[in-house]
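Data block below; observations after.
The values are calculated or read from the model by the stated rules, or taken from the named source; none is laboratory data. What you see is a predicted model, and the numbers here were worked out from it, not measured in a lab. Note: ideal-geometry Cβ built from the backbone for every residue, glycine included; neighbour counts use all protein chains shown.
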Amino acid sequence: MGDFSPFLALRLNQGKLFATIETNYIAPLKAEGTTTVKACGDDQTRVWLRPDTNQMRALVATDSTWTPQDGKQFNTCTNAITLIDRGNKLPTPGSGWIDFAIYTKPGPDGSGHVEIFANNKWIVTIKGHIGHNDKGLGKNQYFKFGPYRAADDRNWTLYYDDFRRSPRCEDVMDAQFCPVL
């Protein structure tokens with residue numbers, strides 16, 4: 001029901017790769033409507049507020065070509081979602097095949113947890129309000145991947161290889177990272 005975005009998305013815009021987390025709208029820490037892109041303080045995350053759809057989208061990871069102007073819509077800060085930067089950027093789309101491993105546990109009540117790995121590098125830990133708790137979603141957070149909405153008008157080719165999904169970390173990624181989950 002409604003027009004709710006997936007709680008986790010790997011996005012491509014202008015040839016730049018970035019990851020976002022969605023949750024229900026939570027009042028901002030600073031004035032809405034500003035177009036100035038400022039750094040958030042400790043334990044704060046940049047968000048794009050969308051109160052008209054009862055959503056907010058957090059910018060949680062970017063590739064090395066990302067600039068502040070690429071994310072100018074993420075112009076507000078929240079402490080409802082926190083990030084732990086693991087010292088690695090997402091790979092650039094032109095760098096070749098990218099192997100992602102992602103642990104997800106939605107928690108619109110603030111108990112959410114996401115870990116993103118790319119090419120066996122730990123990118124980011126995300127905790128807090130993750131996912132939606134209204135419009136009938138609740139426990140029915142959905143999973144999808146592939147181009148949708150605002151896709152380019154050219155033909156795309158997208159390959160998925162060795163897609164795995166499991167409640168056991170060791171089934172989907174390098175076991176050296178699994179104890180952290």
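Just a few scattered comments:
- Scanning region 63-86 for residues that are assigned to a loop (DSSP other than H, G, I, E, B) and farther than 17 Å from E115 by Cα yields S64, T65, W66, T67, K72, Q73, F74, N75, N79.
- Failed item in (1) in a loop (DSSP other than H, G, I, E, B); (2) out of contact with any Lys or Arg (no Cβ under 8 Å at 6 or more places or on another chain); (3) at pLDDT 90 or above, with I126 passing the rest: (1)
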